[in-house]
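The values are calculated or read from the model by the stated rules, or taken from the named source; none is laboratory data. The shown structure was predicted, so the numbers you read here are calculated from the model rather than taken from an experiment. Please note: Cβ atoms are built from the backbone with ideal geometry, for glycine as well, and neighbour counts cover all protein chains shown. Side chains included, ligands, DNA and RNA excluded: accessible areas come from the protein's heavy atoms. Shrake-Rupley method; radii C 1.70, N 1.55, O 1.52, S 1.80 Å.
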Amino acid sequence: MEKGAGAPAAGGSYPQKNAEILSSQYGINLFLAGLLLTFAWAVHAVGISKSHLLSYLITLMLIQLLWMLWYLCRSCTQRRLIRDKDTHAGARWLKCGITLFAVITLILDSFKIGYYIDFSNCLSPTEGIFPVTHAVHTILQVYFLWCHAKDIIQSFKTLERFGVIHSVFTNLLLWTNGVLTESKHQLNEHKERLITLGFGNITIVLDDHAPQCNCTTTTLCSIFSQGIYYLYPFNIEYHILASTMLYVLWKNIGRKVEHHQQHKTPFKFHGITVGMVFGLIVLISTIAIVVVYLIQIGGSKIKSELALTMFYLHAIFVLALMCTAGIVALLIYRLEDRSLDNSKNPARKLDAELLVGTAAGSWLLSWGSILAIICAQAHPKYTWYNLPYSVLVIIEKYIQNLFIIESIHREQEKVNDNIKTLRIVTISRGNTLSLTPKEIYNGRAAPDSREVPCLFKGSISGREIGGGDGAKEETNQENSLVMHPDSEFPFYSSNSVTNNKRRILKNIAAFLFLCNLSLWIPPAFGCRPEYDNGLEEIVFGFEPWIIVVNLAMPFSIFYRMHSAASLFEVNCKT
C-alpha cells in the first residue's frame, strides 16, 4: 500500500522535470543559433548580412510579445484567485533599477529610429523596424516584470516554461547584440590610441559597418551616431537584468513554497553617513578621472601615459580601501554567532552564482595583464602600475564575494522574543507625572522615550499593568525600583556592542555599493586600460588579446552593477 500510494507522487514529478529539461534545451539552441548568426555578421561571412540578424531578433521579440500578452490576459481573467508569490524575487529597488535602464533604452531606440531616417537611402528596412519593435518589447516587458516577477506559476506549467525560457534567451541575445555593436565601435578608437602610444606596428583593419551613403542632415546624424554609443551601456545592463529576473521566474514554475511572514527591510540613510560620504567622494573622483582620461588618452604619447598612470593610481587606492573594508566586515562576521539560512531560494542562489561567474571575466583580464608584465621584454614606466592594479582586482573580488554571499545567507535577527511592554510610572515628590506604555526592545526604550534614563537613577518605578491585585498596587516611596537594571536588563552592554557592529556593517555595505557603481563607470563609458595599455597586445598579439577582452569585459562590467545591487540588498537586510 505504501508503494502504491507513493507512485503517483513520484510519477507526477517526471512530466514537470522533463518539461524543465526540454525548455532549457530549447532556449540553449535558440541562443546558440542567434550567437552563430551574430558571429557570422561580425566577421563578414558570405551570405550573412545585418538584416538577417535583425530579422531573427525581431522574430524572437514578436514571439515573446505574443506570449506576454497571452499571460497578461490570462492573469486578468484569474485575478481573483490567490496565487503563491516568491517574496525574495523582484524586489522593488530592482524593479526601479530596470525601469531606469529601460527608459534610457527607449531613448536609444528613438536615436536609432532617427539614425535610420537620416540614412534610409542605404539602410535595410529591418534597421528601422528593429528599434520600433524593441521599444514596444521594452515597454511591455517592464510592465510584465513589475506585475508578475514574483509569480509562482502553477497552471499551464509546460507551456509557461517554454514561454519564460524563450524570454530569457531573447534578452540574452539582445544583450549579446548590444555588446558586439558597442565593442566594434570601441575597437577603432582604441586602435588610434595605441598608435599614439608608439605601437604603430598594429596594422589590422577594423570595420564598424558604417553606412555607404551620405546623411541627409549632417548635424543630426552626428548627434545620433555619437549618442547611440553612449547609451549602449544602459541598454546592455537592462537586458541582462531582465534575463536574470525572468530566469528566477522560470525556476519558480511549479515550486512549492512555505508560507511565512516576510519582514520588510526598507533602505534607510540613517546610520550610514560615514559610508555614504566616503563612497560619494570615490564616485565623484572617479567621474573626474574618467573625464580627464577620455580627454587626454590618444592626444599624444605623453598625455596618454599620464592618463594611464592617473587611472592606475586612482584605481589602486580605491581597490585597497575596498579590500580593507571587506576584511573588516568579514572579521565582524567571525565575531558574531549567527546561523545561515540554507532554505531553497532561486533568487539568492542565482545572485551567488552570478557573482562568482562574472568575476571570472575580471580575473581573466587581470591574469593576462600579470603574465604580460612578466613576459614582456620592454616595460614603459606606466605599465608597472598595472601589476598592483591587476593583483588588487583579483583580491578585492575574492573578499567582496565572500562578504556578499555570506551576508545574503545570514538569517535576520529575530526580535519578537526580546520585546517587553512595560508601564513606566514616573514618580516625582509623590505625584504621578506620566503614565505611558513603553516598548522596551532588548532592554532599550523606544526612541521617543524620555523617562527611561531615570530608570537607572532611582527616580521612577515600573510595574506590569494586568488584572487582579496587580492593578491596585501603588508605589509611594521614592528611589524604589520594582525592576532593577542589574537583574532585568543584563543585556544592555551586549546590545550596544551588537548595534555598533551592525552600524559598521551598514556603513561598509554603503561604501562598497558606491565604490562598485564608481568602478562600473570607467569600462562602461570607454575608459578601458586593458585596450589602451598596449603591453598585452605586444605579448599576446593584437587579435588574440582583443578577442579575450571582448569576451571578458561584458562580464566584468556586469559584475560591478550586480555587486552594487547585491550590496544594496545587504544594506537593507543588515
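Report the gain in length on full extension from D84 to E336: 0.36 nm times residue separation, minus Cα-Cα distance, nm rounded to one decimal.
That pair, D84 and E336, stretches by 87.3 nm at full extension.
Put T77, T105 in order of accessible area, largest first, 1.4 Å probe: what do you get? Could the numbers behind the result be given before it?
Details: T77 115, T105 0 Å².
Result of the area sort, largest leading: T77, T105.
Working out 0.36 nm times the residue gap between I129 and E406, then minus their Cα-Cα distance, what length gain in nm do you get to one decimal?
95.1 nm
How far apart, in nanometres, would the label points at C213 and I547 be if each is projected 7 angstrom from Cα along the Cα-to-Cβ direction?
The modelled label-to-label distance comes out at 3.6 nm.
Rank-order 290-296, 247-253 by packing density, defined as the average count of other C-beta atoms within 10 Å over each peptide's residues, highest first.
Ranking the peptides 290-296, 247-253 by packing returns 247-253, 290-296.
Within the set K85/K157; K349/K573; K85/K251; K17/K157; K95/K157; K95/K573, which residue pairs have Cα atoms separated by over 20 Å?
K95/K157
Sorted by mean Cβ packing within 10 Å, highest first, what order do the peptides 381-390, 176-185 take?
176-185, 381-390
Order these peptides, 520-527, 23-30, by their mean beta-carbon neighbour count within 10 angstrom, highest first.
Ranking the peptides 520-527, 23-30 by packing returns 520-527, 23-30.
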